[in-house]
């Protein structure tokens, strides 16, 4: 099977398209982390992005790229997470409806967030099959365009703008670490980073318990997660038909992270960097802090993908200090 | 009594002196806050500064300005808060000792932070008198230079560099809101902001329960706080001999903030802006979010002074939503 990589210019075009809407998020550094890691570490803070996550990049690119006639009928997706909020906001910017299919048992805070950004929620039963059936029905009834959370080239291109900004602002990076769930961010990051700087190494980071990316790359085909028991709720999804081949072709390696290191890393970032990150963002940070992952003499870029947590749902006192090995 | 304002150039000199050591902290905006406030609000994020607070600016300026002979004997202060950490780190950068006098009952986390930055702790009894006596003794024994947390022109000049950066990066600000405790940050902010842009309005913000600044300005002399019962632990101190006259001459007004609005504002910033701020930083934010303070059509700058909280000591679930009036 031959696969043609999407060209680098889709990232550039996406960036031009979404630039007026999104934040150019800051890159932060932390001396305490540099000292501990023994390398310079740069953090691209998409937790400080609109809707609190990089997802607004891809959703905005997909929504703004639609022709006026197609756009007028709206967009639809099934998601209860950051993509649902992002699509709702991007649709509001464009003045079109966003139909969001959510399981009826989704957390109240997520329902409220989607509603606040103007998304129209249709509830479904909490099964994968019913989500798809319900989304298909909404699509048929409204003529809305389905925007997949990650398996969509426009979404992938939009997510890649984060790495483009990162390398524009910090061109001397040697290594990039990006979390992988469905692979939209990772695929976009690979297209952008390898397009701009072929010598850069890009590593995919995933919780050891949801290691579908590692196993899929080893097998040469998309495998499913055998468990979804991770605190990093943004990384439970499997790779998709569009994201897998890009990742398979370009990624340097997939690194898995022990579950027990995720919350201590999140707390460490909170206390030392004074920023709020969600567990998915802590996944690439954790093995740097434990010392399991080392890049002596290299400049390391870490993509902090989002900051959407329910702070009152976390028992902060029970999180142990970050371990060192 | 005649009082000569320190010249604007002390801020410029301080900035040149400390620039290699400190972060130029980002300025963030938040659409949800702009919508709620009805004005554009810009946040200068000194919670993302080294040691997690603006205090490193003044401490570094004071330490770096000492002559080599004087510096070699070290610096001393009595503080259990951010200034102690800042002075310890600045002294380490200079390669000189920092002697920190702390009450023996100071929280463990503060003792550890000072020790981590290399400060040499001398414990005293938890009274104002014993703090001063102990600091005097350390000073006599070592020949170290006493660096007051705020009532020191070099400290004031250093703190003013935050407002200088703010107006350099966002020159169209109409209004600046800065918290006031001892007045080091506020005095520096006033010298910098009014020096750079005489038309700007600068308001001092303090918890209603520790309204010494408001009462002192009304009385024309330094009055003490009648209570220290505020969650904003950085703002309990009284104005000083150096800070009071600068503030009295330049500030537009002092605005007091109801105690019950401080934690909801802190949580709002945490959840919407994804940054960690301490209660003192939430003081200028609160009346904007409630709507009690309005500046229609103006661009508002808010100085977020620090982000040092013990996250596990806060009962997040018990903090009510931000009220609107």
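The values are calculated or read from the model by the stated rules, or taken from the named source; none is laboratory data. Predicted model, so just to flag it, every value in this text is computed and none were measured. Methodologically, a virtual Cβ is constructed for each residue, glycine included, from the backbone with ideal geometry; neighbour enumeration extends over all protein chains shown.
Odds and ends about this structure:
- Residue among A:320, A:296 that is away from chain B (no Cβ under 14 Å) and out of contact with any strand residue (DSSP E or B) (no Cβ under 9 Å at 6 or more places or on another chain): A:296
- Condition met for residue B:206 (modelled with pLDDT of 95 or more and under 21 Å from residue B:15 (Cα atoms)): no
- Enumeration of residues in segment A:259-289 that are closer than 12 Å to residue A:322 by Cβ, surrounded by fewer than 20 Cβ atoms within 10 Å (Cβ to Cβ) and touching a strand residue (DSSP E or B) at 6+ places or on another chain (Cβ under 9 Å): none
- Residues of segment B:92-123 classified as touching a helix residue (DSSP H, G or I) at 6+ places or on another chain (Cβ under 8 Å), over 24 Å from residue B:71 (Cα atoms) and surrounded by fewer than 20 Cβ atoms within 10 Å (Cβ to Cβ), total: 1
- Condition met for residue A:69 (over 27 Å from residue B:275 (Cβ atoms) and modelled with pLDDT of 95 or more): yes
- Options A:52, A:74: the member that is closer than 30 Å to residue A:121 by Cβ, more than 13 Å from every other protein chain (Cβ to nearest Cβ) and in contact with a helix residue (DSSP H, G or I) (Cβ under 9 Å, 6 or more places away or on another chain): A:74
- Counting only helices (runs of 4 or more DSSP H) that sit completely within segment A:9-106, those holding 1 or more residues that are within 24 Å of residue A:265 (Cβ to Cβ) correspond to A:31-37, A:55-65, A:82-94.
- With respect to (1) in contact (Cβ under 8 Å) with a residue 40 or more places away in the chain; (2) touching a helix residue (DSSP H, G or I) at 6+ places or on another chain (Cβ under 7 Å); (3) within 14 Å of chain B (Cβ to nearest Cβ), the lone exception for residue A:311 is condition (1).
- Just one residue in the set A:137, A:94, A:108 is over 26 Å from residue A:243 (Cα atoms) and either at pLDDT 95 or above or under 18 Å from the mean Cα position of the chain (by Cα) (or both); that residue is A:94.
- Test: residue in segment B:301-308 that is out of contact with any strand residue (DSSP E or B) (no Cβ under 9 Å at 6 or more places or on another chain), away from chain A (no Cβ under 14 Å) and under 24 Å from residue B:190 (Cα atoms): no
- Against the numbered list (1) more than 14 Å from chain A (Cβ to nearest Cβ); (2) in a loop (DSSP other than H, G, I, E, B); (3) buried (at least 24 other Cβ atoms within 10 Å of the Cβ), residue B:241 comes up short only at (3).
- Where a residue in segment A:252-277 is within 14 Å of chain B (Cβ to nearest Cβ) and free of Cβ contacts under 8 Å to residues at least 12 places away in the same chain and its partner, wherever it lies, is part of a helix (DSSP H, G or I) and surrounded by fewer than 20 Cβ atoms within 10 Å (Cβ to Cβ), with Cβ under 8 Å and at least six apart: A:270/B:311; A:271/B:311
- Residue within segment B:290-313 that is in a helix (DSSP H, G or I), modelled with pLDDT of 95 or more and over 15 Å from residue A:312 (Cβ atoms) present: yes
- With respect to the conditions (1) within 14 Å of another protein chain (Cβ to nearest Cβ); (2) at pLDDT 95 or above, residue B:82 lacks only one, and its number is (2).
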